[in-house]
Amino acid sequence: MSVTPAPPETPDPAFLNRLRAEVRAALPQVIALRHDLHAHPELSGGEERTAGVVSGLLSQAGIVHETRIGGTHGIVAVVESGEGASGPTFALRGDMDALPITEENEVAYKSQNPGVMHACGHDGHTANLLGAALALQAVRQTLPPGRVKLIFQPAEETVRGADAMIEAGAIKEVDAILMLHGWPHLPPGQIGVRNGPAMASSDTFKVVIKGKGGHGAYPHDTFDPILCGAQVVTALQTLVSREIPPVSPAVVSVTMFHAGTARNIIPSTAEVCGTVRTLDPQLRKTMAERVERVIAGICAALRCGYDFAYTYGTPVTVNDARISNLVRVVGSEVLGSENVIELPEPTMGAEDFAYYVEKIPGAMFRLGTGCPFLLHTPKYDFGDAPLETGILLMAETARRFLAQGGLRPD
Ligand SMILES: [Zn+2]
Ligand SMILES: [Zn+2]
């Protein structure tokens, strides 16, 4: 993998020392916040208590912010440099929602909300972002000219939140954006970075195959939608294996197949649904046509009609090399270069952060949590250990962006 050269460095060891001290000072409050959020998880779009707690802490620290952004519980806070806001604007984004999973951890801060838990670690992301806000606010007098926007976003898991925040103007006049995601595959104290595609686009389709039902004993009097659906499932698998170049990753998975009411009746319809993932925005644009063409051909051959719906979800998350490089530089200084890991491959999972980086340059990096359990499982826990690293990385990357006067060419 080729890595674009790092931008010119503008380190400021004195600032970094001050920042470190402020992060350490904020840490007890940040840890308490994470525990509180972990114990009181809220589902996507329902982050009312979470947003209330965050807003209270921002107010306490005198940080200017607006609440109820994006129709639900989004918050946008701003830390402005003591030298004025005439410089660039850098945004940091954290997500706040939890998942419908029953927690199986036995910790003092275990979820008190049955069936809901922070299984993706967004409790850590929110606490981390609040920590960055506190630390940056404490050093704002010595920040280079410009502004740091802190975007507390609801509803990532349902991929509704990012779009709503953007619609509401959260990244208006923002030059670049950064997020982190806790990553159990790396230990605390390490980060993972990557240029280019980092996470896949995630789209879905649904087809209702319309045949002609009848008695199971007289198939010649029917147009069997189950047999047609079965052929559709099989034929869709030729898209990735026969149409798309092997070097261009894609997934077509049929994940639902519903049909029939009794063992001796051939039904009149069958419903087939699935998900489509790609890492190439151009390839993504071609997938709806490919999927429908296969369905139409099979249905025509087997005398069935169909209703087809293709729903675009999250785009490909593409990391801008200029922002990833900034994270590499800061990560090497703060953690040592041996702790900045080049991620060898993207993942076919999706992130609604993709909507921001479709509009403005930005990047996500992985923050090691070292949790032995995977994301979206009942024992995942972001933990407290990653917080100091995450806050420092975000706050210092923001300062560095302001110090270099905004985006630099590759
Ligand atoms: Zn998740
Ligand atoms: Zn997540």
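Quick notes on this structure:
- Plainly put, region 204-314 has a radius of gyration that is 1.03 times its Kirkwood radius, both from alpha-carbon atoms, as the Rg/Rh ratio.
- Order by protection proxy (mean Cβ within 10 Å, highest first), peptides 121-134, 294-307: 121-134, 294-307
- Descending by average beta-carbon neighbour count within 10 Å, the peptides 113-120, 87-94, 240-247, 13-20 line up as 87-94, 113-120, 13-20, 240-247, the highest first.
- Residues with amide H under 5 Å from that of MET364, placed H, sequence gap 5 or more: MET179
- Percent of C-alpha pairs per 10 Å bin, region 1-135, short to long: 11, 35, 30, 18, 6, 0
- Three semi-axes describe the equivalent ellipsoid of the chain; taken as square roots of 5 times the Cα gyration tensor eigenvalues and ordered largest first, they are 45, 23, 18 Å.
- Working from label points 7 Å from Cα in the Cα-to-Cβ sense, the ASN339 to GLU173 distance is 3.6 nm.
- Rounded to 5, percent antiparallel among DSSP beta bridges of the chain: 65
- Accessible area of the chain belonging to carbon and sulfur atoms, whole % at 1.4 Å probe: 54
- Distance between region 20-63 and region 100-135 - C-alpha centres, whole angstrom: 10
- Our note on the geometry: Cα centres of region 339-408 and region 261-300, 35 Å apart.
- Note, ³J(HN,Hα) from phi for region 180-196, Karplus 6.51, -1.76, 1.60, rounded to Hz, x at Gly and Pro: 10, 10, x, 9, x, 7, 10, x, x, x, 10, 10, x, 10, 6, 8, x
- Values of log10 I(q)/I(0) for region 236-286 across q = 0.19, 0.23 Å⁻¹ run -0.69, -0.85, by the Debye formula with one identical scatterer at each alpha carbon and no solvent.
- Modelled spin-label separation between ARG263 and GLN141, with each label point placed 7 Å from Cα along the Cα-to-Cβ direction: 8.2 nm.
- Kirkwood-based shape ratio for region 70-151, expressed as Rg/Rh from alpha carbons: 1.13
- Residues in region 204-314 average 54 Å² of solvent-accessible surface per residue, probe 1.4 Å, ligands and nucleic acids excluded.
- Computed from the C-beta positions of ALA235 and GLN112, the FRET efficiency with R₀ = 35 Å rounds to 0.10.
- Debye-formula intensities of region 15-75, expressed as log10 I(q)/I(0) at q = 0.17, 0.26 Å⁻¹, are -0.68, -1.11 (one equal scatterer per alpha-carbon, no solvent).
- Axis of helix 225-238 versus longest Cα principal axis of the chain: the two differ by about 50°, to the nearest ten degrees.
- In this rough spin-label picture, where each label sits 7 Å from Cα along the Cβ direction, the PHE308-LYS359 distance is 3.1 nm.
The values are calculated or read from the model by the stated rules, or taken from the named source; none is laboratory data. On a predicted model such as this, the values are computed, not experimentally measured, just so you know. Neighbour counts run over all protein chains shown; Cβ positions are idealised from the backbone, glycine included. Accessible surface is based on the protein model in full, side chains and every heavy atom, while ligands, DNA and RNA are left aside. Shrake-Rupley method; radii C 1.70, N 1.55, O 1.52, S 1.80 Å.
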